[in-house]
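I have placed the structure first, in the form of C-alpha cells, so that the comments after it can refer back to it.
The values are calculated or read from the model by the stated rules, or taken from the named source; none is laboratory data. Everything quoted here is computed from the prediction, not taken from an experiment. Note that we place each Cβ from the backbone using ideal geometry, even for glycine, and neighbour counts take in every protein chain shown. Surface areas here come from the heavy atoms of the whole protein model, side chains and all, with no ligands, DNA or RNA. Shrake-Rupley method; radii C 1.70, N 1.55, O 1.52, S 1.80 Å.
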Amino acid sequence: MQDDGYFGEDIAAAYDDDAHMFDPKVVDPAVDILAELAGEGRALEFAIGTGRIALPLAARGVPVAGIDLSKAMVERLQAKPGGADLDVIIGDFASARVEGSFSLVYLVFNTITNLTSQAAQTACFENAAAHLEPGGRFVIEVAVPPLQLLPLGETKRVYRLEETYWGVDEFDVVTQAFTSHKMRSVNGRTVRRSLPLRYVWPAELDLMATFAGMTLEERWSGWRREPFTHVSLSHVSIWRKWRGHFMDSDRHSPD
C-alpha cells in the first residue's frame, strides 16, 4: 500500500475541488445502491477519504465507519458536518480492523488499484470478509484495464487532455503495474504527480473473492445497473460472504 505521502496535505487540500466527482448525478446513484445493500446493518468504507460517499450514505440513516491511510484526508472529513460522528481509523485498508461486524464493506473510485501487488489486493478481500457478517456484501467500483485500447507495443494512454490538466497512464503488461501521471497547470507552472498502481481484471477479483469466502452476486457497468459487457470501461461488482464454511456444499450460493 502507498504511504500517506501520496495523499498528503497538498492532495487533500484540492481533493474536493473536482466538481464532477462530487456532482449529485455521480454520487447519488452510488449511495442509492449502497444504502439498499446495507439494509438495516452497518457499512464500512475502505479508503473513506474526505467523505464523498460516506457522508451522504450516513445521511440516509446508515451507520458508516471507515479506514483511510491519509490523516490529511480524514481531517477534512471530520471537519465537515457529520464527519466527526463517523468511526474512522487511520490505517491500511488491506489489513486494519474496525471493531464489530458489517452488512456492507465497499471500496470505490478505482482505489483497489492503489494496492500495488496481487498479494495486497487479495489481502483486501480477506480483510473485507473478516469484517462482514455472514451474508454480507463487499462492493468494488473499478475501471476495466484499458489494454484493448492500446496499439500493439504501446504502453502509454492519454485519458484526459484539458487546457490545465493532462492525464497519462503508463502500463507494464507483464507485471500489471501501471503509473498514472497527472500534470496540472497551477499559477502558470506545471505540477506533475505520478502515482504507482496495479490494474486488476474482473475474473482475477472473482478469484480473490473465492479465496476470501465470497461469491459474485452482481456485476454492472455502473451504479445505475447498466449491463456489463465486453466493451464496458468500468464495473461495479458485488460479492456476498458465504453463510457457512467455504467447503460446505452450499458454497456457491450465499443463501
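For a straight C-alpha distance cut-off of 14 angstrom, the aspartates and glutamates reachable from K80 (same-chain residues fewer than eight places away being disregarded) are D16. Computed from these coordinates, which is Cα extents along the principal axes in Å: (i) 79, 44, 33; (ii) 59, 47, 31; (iii) 53, 40, 33? Computing Cα extents along the principal axes in Å and matching it to (i) 79, 44, 33; (ii) 59, 47, 31; (iii) 53, 40, 33 gives (ii). Using only helices, what value at 222 nm comes out for the chain when you add -39,500 (n - 2.57) per DSSP H run of length 4 or more and divide by the total residues, to the nearest 500 deg cm²/dmol? Dividing the helical sum by the residues of the chain leaves -7000 deg cm²/dmol.
Rounded, prolate or oblate: which fits segment 75-211, taking a ≥ b ≥ c as square roots of the Cα gyration tensor eigenvalues, rounded meaning a/c under 1.5, else prolate when a/b beats b/c? Oblate shape, in that a/c is at least 1.5 and b/c is the bigger or equal ratio. With the simple spin-label model, which puts each label point 7 Å out from Cα in the Cβ direction, the W201 to R160 separation comes to 2.8 nm.
Charge tally for V200 (other residues, Cβ to Cβ under 13 Å; Lys, Arg +1; Asp, Glu -1): -2.
Excluding ligands, DNA and RNA, the accessible surface per residue across segment 93-171 is 44 Å² with a 1.4 Å probe.
Think of each Lys and Arg Cβ as +1 and each Asp and Glu Cβ as -1; about the Cα centre, that makes the dipole of the chain roughly 340 debye.
Report the FRET efficiency, 1/(1 + (r/R0)^6), for M21 and N187, where r is their Cβ-Cβ distance and R0 is 35 Å, rounded to 0.05. E between M21 and N187, to the nearest 0.05, is 0.95. Under 14 Å of direct C-alpha separation, and excluding same-chain neighbours fewer than eight residues apart, K156 reaches these aspartates and glutamates: D169, E170, D172.
A quarter of the convex hull surface defined by the alpha-carbon atoms of segment 131-255 gives 10.7 nm² as the mean projection. All other residues whose Cβ lies under 15 angstrom from that of G61 are scored, Lys and Arg at +1 and Asp and Glu at -1, for a net of -2. Sorted on the mean count of surrounding Cβ atoms within 10 Å across their residues, most packed first, peptides 88-101, 37-50 read 37-50, 88-101.
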